[in-house]
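Taking it in order: structure first as structure tokens, then the write-up.
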Amino acid sequence: MMKHGDLPPNPNIPDHWKNAILHARMEIGDTVLMGADIPNAEPMRSAYLTLRFATAEETERVYAVLTEGGEIFMKMEETFYAHRFAMLRDKFGTSWMLLCEKEQ
């Protein structure tokens, strides 16, 4: 992760943007998520990122990380369509669905 304040001094970057994220990268297995803070952007409220997992254990591990400081909409549980499923918003405002499907 790199913040705007990590760059060489730039008079075009306002002080209140020094801690804003310029570039962030997170790897979960073979999946790469990338993001950045965008000026004047509205928080995502109706869009969810969905992560699929091969095991219930991995689903629960990621659930524990993403729910820390966040908001749970649907707690992690078994459903008629999944070994594990949950819906949440992390502490940064990103909404997630976590899914470990049942075998067909």
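The values are calculated or read from the model by the stated rules, or taken from the named source; none is laboratory data. Quick caveat, the model's predicted, so the values are computed rather than measured. Because the Cβ atoms are built from the backbone with ideal geometry, glycine has one as well, and the counts that use them run over all protein chains shown. What goes into the accessible areas is simple: the full protein's heavy atoms, side chains included, and nothing from ligands, DNA or RNA. Shrake-Rupley method; radii C 1.70, N 1.55, O 1.52, S 1.80 Å.
Side notes on the structure shown:
- Residue pairs meeting the criteria (Cβ under 8 Å; at least 6 apart or on separate chains; first more than 26 Å from residue 36 (Cβ to Cβ) and part of a loop (DSSP other than H, G, I, E, B), in segment 69-94; second open to solvent by 40 Å² or more (accessible area, probe 1.4 Å) and not small (Gly, Ala, Ser)): 78/84; 81/101; 81/102
- The single condition among (1) of a type in the set (S, T, N, Q); (2) in contact (Cβ under 8 Å) with a residue 12 or more places away in the chain; (3) more than 16 Å from residue 94 (Cα to Cα) that residue 10 does not meet is (2).
- When segment 64-104 is limited to residues that are open to solvent by less than 40 Å² (accessible area, probe 1.4 Å) and among the β-branched types (Val, Ile, Thr), the one that is farthest from residue 41 (Cα to Cα) turns out to be 79.
- Residue selected from segment 1-50 under the condition surrounded by 12 or more Cβ atoms within 10 Å (Cβ to Cβ) and assigned to a loop (DSSP other than H, G, I, E, B), by the criterion modelled with the lowest pLDDT: 44
- Meets criteria (under 14 Å from the mean Cα position of the chain (by Cα) and hydrophobic (A, V, I, L, M, F, W, C)) for residue 34: yes
- Hey, residue 55 open to solvent by less than 50 Å² (accessible area, probe 1.4 Å), at pLDDT 90 or above and β-branched (Val, Ile, Thr) or not: no
- Residue check, residue 35 on the phi > 0 side of the Ramachandran plot and without any contact (Cβ under 8 Å) to a residue 60 or more places away in the chain: no
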